[in-house]
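Here is the structure we will look at, set down as structure tokens.
The values are calculated or read from the model by the stated rules, or taken from the named source; none is laboratory data. These numbers were taken from a predicted model, which means no experiment stands behind them. Cβ placement follows ideal geometry from the backbone for every residue including glycine, while neighbour counts extend to all protein chains displayed.
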């Protein structure tokens, strides 16, 4: 096998892949943002005048949405009315050059527009078609709208979040949306890998509920094996101890001593080595059964010093631990800065926000990008028309079969499957 040129080795893995992004708000845009971070070209199709709903979401920077900027970096934008024959011509021309399409309308909307999987797979057999919706493209809830909080509730996450004697709580980050986005990204990359072998694309069907249930982790195993249904355990683990939040003199610290050896190291670091031989705490099962007493004992010891002092002491003893950082402290974390985990995203006027960089680090992908641009609404219209709609200086018209969308198709927010 001949050696690849050095410039090819330095290109990002999805270089040369064109993604048509028909999604909005979070699950779809987050997916396409990751694909763009990995080198794909992402062309974002937006509604005229309005664009992605998040363009109107606070907080604003320079009069523009920082939320939109954060999840739409590295993308090009064109506003198209897919009920307009001419705009459909433009879209069809872009579509003919695409490798992947990502949409997160409710099931059936793309079919009514004439751009469903069945229609496009026959016309563009190499196309990878990714759909994200609340409940997926089958099942009795297929046509129901869904937001992240609804999926967290239906999928069991809220039943596990909160204090034991308190109400169910929504997990802070939109994990149902973000989980669906990550699973969609994995599915798209898998479908592209399969296409390299077979020459054919395929559909990636992602239900937010499916993804949420896949993230339930040990709770599913417990409900199958234990008589009691798993419920809320607050800041502690249901089956490990000590594994949770404890009180130092100036705040909380999380300690995760998940086995007997680590508990022995913790007891020694706390200056209470006898705790490792206490019959109540001798094994993990006993520590879980006596978790209240263990909490009181550890809190009493930790109350004599600050969080930072205890973190230094416990880390020196190789006991897993950490402070409970607020988000402003996360942005200052030296570990994250050492990993280049923040990226500066600007708009056309130089308004800038700092947000999380892509956590995927690839040794052959070249230097990580530290700056990015988010597009203005319809910013790339003329360039895209010039690229996809002209041949030898002449505009191409009526080269794709005409299709009249169903009169009942609605591209407004209520047709979306999400979010936040």
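Numerical summary
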read-out: Filter result (assigned to a helix (DSSP H, G or I) and in contact (Cβ under 8 Å) with a residue 12 or more places away in the chain) within the range 268-283; value: 268, 269, 275, 276, 280, 281
read-out: Subset of the range 59-104 [in contact (Cβ under 8 Å) with a residue 60 or more places away in the chain, part of a loop (DSSP other than H, G, I, E, B) and within 22 Å of the chain's Cα centre (by Cα)]; value: 72, 73, 74, 99, 104
read-out: Qualifying positions in the range 7-35 - assigned to a helix (DSSP H, G or I), out of contact with any helix residue (DSSP H, G or I) (no Cβ under 7 Å at 6 or more places or on another chain) and either modelled with pLDDT under 95 or surrounded by fewer than 24 Cβ atoms within 10 Å (Cβ to Cβ) (or both); value: 7, 8, 9, 10
read-out: Residue check, residue 370 loosely packed, with under 11 Cβ neighbours inside 10 Å and at pLDDT below 95; value: yes
read-out: Filter result for residue 291 (closer than 19 Å to residue 161 by Cβ and in the same structural domain as residue 318 (by TED's automatic domain parsing)); value: yes
read-out: Qualifying residue in the range 249-265 (condition: touching a helix residue (DSSP H, G or I) at 6+ places or on another chain (Cβ under 8 Å), over 25 Å from residue 163 (Cα atoms) and not in a strand (DSSP E or B)); value: yes
read-out: Hits in the range 116-136 - residues which are in a loop (DSSP other than H, G, I, E, B) and either touching a residue at least 60 places away in the same chain (Cβ under 8 Å) or touching a strand residue (DSSP E or B) at 6+ places or on another chain (Cβ under 7 Å) (or both); value: 124, 125, 126, 127, 134, 135, 136
read-out: Odd one out for residue 246, checked against (1) in contact (Cβ under 8 Å) with a residue 40 or more places away in the chain; (2) within 25 Å of the chain's Cα centre (by Cα); (3) outside any loop (DSSP other than H, G, I, E, B); value: (2)
